Each structure stands twice: as C-alpha cells, then as structure tokens.
1. Looking at A:LEU209, A:ALA220, A:LEU48, which one has the Cα that reaches farthest to the positive end of the dipole of chain A (charges on Cβ: Lys, Arg +1; Asp, Glu -1)?
2. Between the stretch B:29-106 and the stretch A:258-321, what's the alpha-carbon centroid distance in Å?
3. For the stretch A:239-286, which chymotrypsin sites (Phe, Trp or Tyr not before Pro) are both in a DSSP coil and crowded by at most 15 other Cβ atoms within 10 Å?
4. So for chain B, taking the charge dipole from beta-carbon charges (+1 Lys/Arg, -1 Asp/Glu), which of B:GLY207, B:TRP294, B:ASN47 sits furthest toward the positive end?
5. Report the chymotrypsin sites (Phe, Trp or Tyr not before Pro) located in the stretch A:112-153 that are in a DSSP loop and have at most 14 other Cβ atoms inside 10 Å of their Cβ, or state none.
6. Please list, in chain and number order, the residues 5+ apart from B:ALA152 or on another chain whose amide H is under 5 Å from its amide H, with Hs placed from the backbone.
7. Out of the trypsin sites (Lys or Arg not before Pro) in the stretch A:164-238, which ones are loop residues according to DSSP with at most 13 other C-beta atoms within 10 Å?
8. For B:LYS284, go through the lysines and keep the ones whose alpha-carbon is under 18 Å away, minus same-chain ones fewer than eight residues off.
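Where a number appears in this text, it was derived from the coordinates with a stated rule and is not lab data. From a predicted model like this one, the values you see are computed outputs, not experimental measurements. Cβ atoms come from the backbone with ideal geometry, glycine included; neighbour counts cover every protein chain shown.
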Amino acid sequence: MTTILQPDDAMIPGVSEPAKSRATRRVRGLSDRAIAWLFVAPTIALLLAINIFPLVWMIRLSFTSLNLSMSYLPLRFVGLDNFTDILTDEDVWIRLQTTAQFVISSVALQVVIGFGLALLINRQFRGHSFWTTMILLPMMLSPAVVGNFWTLLFQPQIGPFNYLISLFTGVPPSSFSMTGEVALAPWTIVLVDTWMWAPYVMLICLAGLRSIPDYIYEAAEVDRASAWRQFWSITLPMTVPFLMLAVLFRAIENFKMFDMVNLLTSGGPGSTTELVSITLKRAAFEKWRTGYSSALAIILFVTVFGAANIYVKVLNKVKQR
Amino acid sequence: MRRLKWLGGAVTSAVLGAAALVVTGGGEAAAQGKQLTLCWAAWDPANALVELGKDFTKQSGIEMKYEFVPWTSYADRFLNELNSHGKLCDLIIGDSQWIGGAAENKWYVKLNDFFDKEKISMDDFVQATVVGYSQWPKNSPNYWALPAMADAVGWTYRKDWFSRPEIQSAFKAKYGRDLAPPKTYDELKDIATFFQGREIDGKKVYGAYIFTERGSEGITMGVTNVLYNYGFSYDNPKKPYQMQGVVNSPEAAKGLEFYKELYKCCTAPGMTNAYMQEGLDAFKSGQVAMQMNWFAFFPGLYKDPNVGGDKIGFFVNPAGPNGHFTQLGGQGISVVATSDHKDDALAYIKWFAQPPVQQKWWQLGGYSALKAVVDAPDFPKSAAFAPQFLESMGIVKDFWAEPSYAQLLLDMQKRVHDYVVADKGTAQQALDLLVKDWTKVFKEQGKQVASQ
C-alpha cells in the first residue's frame, strides 16, 4: 500500500529502478473508480459478512425444518411449509393484531403529545433550557432501565403509580394491577412507551417548527389572521412532513418493540401483550425453531419494508405539494 | 559478586514462594495452571458450591471458576452455549428437563464407562434423582449426569401465626378443626382463605403465595403440583405420547380450576407474574401465611432474622383427591462434550460423588441425593426441613425431559397463564389446546402420537 501512495517521482531508498517503475505503472493504472472501490471494499466486505450473508442464510433456513434443540434430526427441505404454518396460525394473526394496536395507539399518542410539547417549547420563556432537558430525559434512558423502574412504579402494593391514581379516584391502590390485568396491560405498555418516546417526536416537530420562516407569520399578522387560523393554515401544514417522518420512525421502532414490553409484562397476562417480536424471540431462542422463526422474521421484514416504502412514497408526495 | 547476589536472592525468593504456596495449598494450581469452569444458576446453593469447591482445589490443585446466571435467563444462556458447541463450560449443572436434548444432541459426555471405572454406582443415589437428572432414555441404564442438587417443590408457613391462640380459636370457630399445616389442597385453600386480608400485628396479610410467572417456567412448575394430585398425567403409561384424555381429563381440568381459584381467592395483589424471588420477598416481608417454593431456598429462609427460626414451618405439597405428588426440581452435574478439560472435569465429578463431600454439601446448604447422606438415621434431625424434603423426594414427578422440552414447556406456560391469570376460556379448553400443541410438537419430532 505504501508503494502505491508514493508520488511518481519520489525516490524510494533500497528499491531498484525497474521495481520502482513497475510500482509507478500500477499506480498510474488505477482509475479513480478503482481507487474508490479500494476504499469502500472493506466496508462492503463487512456489510456482506454481517448483514447480507446472515440474511441469505436466514432465507435458506426458512425453507428447512431446522430446530436447534433437535439438531441430531436430519435437516429437511420443507418448501413453503413454514410460511404456510405461520400464515394459517390463528395465534400469529392475533399477535400481529396486538402489535398493530400497540403501534397505532402509541404512535398516535406520541404524535399528539410530542407536537403539543414542541409548540410549548418553541416559545421563549424562563427556564426554557431546563424544561427542554427535563422533557428529553426519558428518551435518553435505556429501555431496560425504563422497563424495570416502571415495573416497580406499577407494583400494586408499594408502587407510587397506584397510590397516585387512588388519590384522584378513591380506588384502593392494591385493587388493580396495571401490568397484570387484561384490560389495563395493553394501555400500560402504550403509556410507558409514550412517556419514553414522545420527547423524540417533540424534537422532530421542533425542528419543523423552527424551519418555518418568520416572515410568513408576519404576513399573517398583517392580514389579521387569528392565532388559531395561523396554526391551521401555516404551522400545521408546514410541519406535516416532519410529523410524518416522526410517525415513520416511531412506527418502525414500535413494530420491533421487544425489550421494554418483555420487562414490563413478559407478554402477559396470558398473551395479552405478546407482541410479534416476543413471539419471534420465543420461537427462535427459547423453542429453538430456527426454520420456523427464520420464516417469521422474513414475513415481518417484508411487512415492515413494504409498509415503510408505501409510506415514504406518500411522504414524498406530501413534500412536493 | 553481583551475579552471586542475584542468584542468592532468586533462590531465597523461590524457596519462600514455594513455602507460601504449600501453606496456602494453591501450589499445584499455580504450578499446573489448570482451571475448570462450572456453569449453573445464580442462587443460594451456588454459593454453597463455591465454598465446597475450595476443598477440590486444595486436593487437586485445579482452580475452579464459576459462571452463574440468574434463573430467568439460565436456560436461554446455557442452552445457547451448548447448541453452539461453545467451550465456556467444562462442567454444567443443567436442569433436569435438558437431559433428553443433551443426550440426543451429544452435548454431554456419557458417564457409564467412567462410573464403572471409578466404581460410582447409581444405586447409591436416590432413585427419583437418578431417573430425573441422569438417565436418558428414562429408566434405562444410560447415564449423562451425576445427581448433584436434589430439589422439589415444598411449602413454608408462618408457624408463629399458626400458633397464636386468638388465630387458632378463630380458625376453629370457622372451620371446626385445629389450624395446622394442611395435608390436602382443600385444607390449604381453607387456611389461605382464612388468612386472606386478615390483619396481623397491624398489617394486612394474604393467604398463600403460588407461582404465576409467564416468561420461563414459573406457572407450569406451580400448577403441576395441583394437577398431578387431581389426576393429570403427561401421557398414557401404556401408550407413550398418547395424551388425549390424559392431559385433558376432566380430573385434570378440575385441578386447573382449583389452581385458578387459589390464585383468585388467596394471593397478594399484583402476583400476576411471580416466581421464586417474588415468593421469597413476599414471605420475608411478612405478607403471606404460606409460600410455595423450592426446597433449595429453605436453608436461607430458616436463617432469616425476621421470619426464620421458630417463626417458620415447612410442609410437603398437599395431596389432592386423586394422588399425592410434588414437582421435581434439581439438577445433575455433567461434563460438557466440547470441553478441552474432560479429564479434570471427570476428576471433579469423582471427587463430588464421595460420601464425605456429599455430607459437607448438605451441611453447607446444598441438597445431596446420595443415599448415604439422606438415609442416615440422624438426617431428619439435621435441619428443620429435612423430614419434609425426604418425604417430598419420595413423591416427585417431573415435566417432560424430551429434546423438545422447551417447546412443550412454553406451550404449557401460554395455555395455563391464559386461563389462570388472563381469564381466557375454560380449564377444559386450555388443556384441550395444550394437547393440540403438544401433539404438533411430538409429530415434528417424529414421534407416533396415538389419539386414543
């Protein structure tokens, strides 16, 4: 490599003239494109090794009967059986519905709250920086930490959350369990996820709000537009692309949600909060159904990838308007 | 001169060093640099094993290193290690249900030749532990582990509460009998109902603590204690893998209904996803009158300054209308097939199997399965819970130990938790679905499953 980087006319001590000229010819022989490839090759090799190869391998495994807890059994090619099994399994569809409910509820709440916070933070007031930092704190925490401390907060006998609810409603604190009741648990995971990620939506919305030029508002003021009218005609339309971006990011993330929900409820009570990512983890690393779980992972990947693509196309259209 | 001084100093250092190593007993270890890694769960008995292992190092010169993982990730972590043919563990104390998969997949070294050579006889160990922890196929003379930690589900109760005159008279007035540790599940439910919500020493207490954990094995390890005693079996003893009408018999459904009733009537609020640790916390904080848990924790509970000693009592899992059994726990110790130190690992097992070592193991807080220890005349008096442990080991039943046990276990976790905690469907429907799940798993495994 050092030889290649030597300038054409540099003297290289200890290197004979014919050798030097060969090296020079090689440097001259490399096109810009070849040099570019030379630089990106290690990255591509790394990507191939840790992303593409496992993906291809997973696709291959999804057509087999491989179960790692019974690796002594001969590996059989089962065609589309794993895919058929998954798509005809009522439980999988219920898990997908649970996931969709979680994604829609949590993202909707995060957008409303995040946007509201962004509108508040966008104004100048005393302690502005302090409150901005405070609001951003939850999203800086690890989901594992969030899951664990909310579990303690929700503990029916000693958790402050139940006492707080009791204070406002008069319901005895130990008479309900946020993570253990079928009616409450799905809302509990939405609540915690919103608490953690609404600040992230707020940040994106804030970027959108700050990108609106002041002169538009000044023109509206001259036209005597009310604050409400300014919000509907200027603020909201001009931040819609940012809101849509926030929805995209959060929806993809929540579709994959695992850690926080696993710590809060383990998918329970029963299977009430078992998101499809938990089903996948159980199939792959607890039941060791490698072939089946590879097929499930592919189905989920295609679903998210397809939905995200359609969404991005819509987003681009909105931007163009 | 300078060279001589250096030589003299070196000789002196060497002599002093050698003397120090002999005194500390670590001479051979340092000299040979041998080390073994033992993998197990992170719990009270593991600390006892570390203490015990010091004797092995002293004798053999082999250093012991330990890899202890919390119970909630114990199976995931080590099955992953075994599946990937990792070299982390030389010795593993694996759960009883792993034995089928470990034998079929050749994760463990088969110990028959070694036992023959070292004159270690499986007849010297409690029969239930040999079948449960060592044999695969079950009841065949093929040994893959040495019984290491005998364990079963038992119960603790607040002896001090039970003995209070005002509580005794109130109980007698209500149920017409003396308040005593229950012999049957109906009695247990009466006592749990009696204590539920009662105020003791100005504090509201609850009836019973039972396993309800969803993620790993908790609710299954709890509910089976009731199911076995109501008539549940895993399959027809005459027709292996025939589960229809056995797993989901009307009697089994009644047992499942009973477990749900017990959960609804008599447990503390919020116990919707609780296993060993939550039970220990509930009992130690004086919240519950009775606690279901593994015997492995009882030495620690007995020593507890708040609820141990005279305040705690122990009883065997109560009987049901159709039998008297309890869930087997515990593990055997095995040599990992991919280990580079198999000979040293076998030397550890040989050392561990010796009666004096087993005796010390029991004294330190481990549970020996060696008959010489547990059948000794003074054994029942050696600990407050020893008689109950001995009785329990005579009535144990274990979950499936098939290579596909993880799938079978997770299916049961789901069906039982759905019914007991999430109020989904009926007990009969839950068990019918379980039969369907298990049939599918066995068919995938290539087993012939008879429908009737």
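1. So the residue furthest toward the plus end is A:LEU48.
2. Going from one Cα centre to the other spans 35 Å.
3. Working: sites: A:PHE242, A:PHE249, A:PHE255, A:PHE258, A:PHE285; in loops: A:PHE258.
Here the chymotrypsin sites (Phe, Trp or Tyr not before Pro) that fit, given the DSSP loop and packing criteria, are A:PHE258.
4. Farthest towards the positive pole: B:ASN47.
5. On the way: sites: A:PHE115, A:PHE125, A:PHE130, A:TRP131, A:PHE149, A:TRP150; in loops: A:PHE125.
The qualifying sites are A:PHE125.
6. B:PHE295, B:ALA296, B:GLY329
7. Numbers: sites: A:ARG210, A:ARG224, A:ARG229; in loops: A:ARG224.
Qualifying residues, ordered by number: A:ARG224.
8. B:LYS159, B:LYS203, B:LYS204, B:LYS303, B:LYS311
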